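See below for the structure under consideration.
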Amino acid sequence: MKILNWFLVIIGICGLISVRILEDKLFYDPFLGYFHEADKSMIFPSFEWGQLILGYVFRFILNLLFSCLIIHFLFKDKTWTMQGGILIMIIFLITFPIYLYCIYNKFEIGYLFSFYMRRFVIQPLAILLIVPMFYYKKQMVQGG
């Protein structure tokens, strides 16, 4: 059974990697090229608000599902899986409106600030904090 758990964790990691690799094919995001070039003098891309928001939400949902798969099969605790999912959602609910505001102002709030807000929206960075946190919590519960 332990092999199956690790296999499912690897599936979750591969899922997150696939979302990143296939981002230009799966999601509507005219800012991929804009930030990839890292040229502040590039023309601000034209875009469709509805498609943009749906693309980011779809990407978030995929990242959330793969992240919860990783958390669940690493720790085998439904409560921790729910807590991890809620933490990831809270981070998204905070950063997504900020990033949309950055877009609305055409990144005048700051190119780097907008770049990093986008990172929190499109990348599952929270899992890099959640997994060590739950691992530490597991060690504390087991007595070291």
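The values are calculated or read from the model by the stated rules, or taken from the named source; none is laboratory data. Values in this document were obtained by computation on a predicted structure and should not be read as measured data. Neighbour counts are summed over all protein chains in view; Cβ atoms, including those assigned to glycine, are modelled from backbone coordinates with ideal geometry. Note: areas computed on protein heavy atoms with side chains; ligands, DNA, RNA excluded. Shrake-Rupley method; radii C 1.70, N 1.55, O 1.52, S 1.80 Å.
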(request) Would you calculate, for the chain, the mean residue ellipticity at 222 nm contributed by helices, counting each DSSP H stretch of 4 or more residues as -39,500 (n - 2.57) and dividing by all residues, to the nearest 500? (result) -26000 deg cm²/dmol
(request) Loop only per DSSP, at most 15 neighbouring Cβ atoms within 10 Å: give me the trypsin sites (Lys or Arg not before Pro) in region 1-81, ordered by residue number. (result) Lys40, Lys76
(message) Suppose each label sits 7 Å from its Cα in the direction of the beta carbon; what would the Lys2-Met42 distance come out to in nanometres?
(response) 4.7
(message) Taking the Cα centre as origin and putting +1 on Lys and Arg beta-carbons and -1 on Asp and Glu beta-carbons, what dipole magnitude results for the chain, to the nearest 20 debye?
(response) 600
(message) 7 Å from Cα along Cα→Cβ at both Lys25 and Ile53: what's the point-to-point distance in nm?
(response) 2.9
(request) Please work out how many pairs of lysine residues in the chain are eight or more positions apart (or on different chains) and have Cα atoms closer than 25 angstrom. (result) 11
(request) Towards the positive end of the charge dipole of region 10-144, with charges on Cβ (+1 Lys, Arg; -1 Asp, Glu), say which of Cys14, Phe35, Gly85 has the farthest Cα. (result) Gly85
(message) Of the candidates Phe44, Phe27, Phe134, which one comes out as most mobile in a Gaussian network treatment of the chain with C-alpha springs shorter than 10 Å?
(response) Phe44
(request) Post the alpha-carbon centroid distance, region 64-116 to region 21-54, in whole angstrom. (result) 18
(message) Here are a few candidate values for percent of Cα pairs over 28 Å apart: [x] 8; [y] 23; [z] 27. Which one was actually calculated from the structure I just gave you?
(response) [z]
(message) Per residue, how much accessible surface does the chain expose to a 1.4 Å probe? Answer in Å², no decimals.
(response) 62
(request) Rounded to whole Å and ordered largest first, report the semi-axes of the equivalent ellipsoid of region 22-76 derived from its Cα gyration tensor (root of 5λ). (result) 30, 14, 8
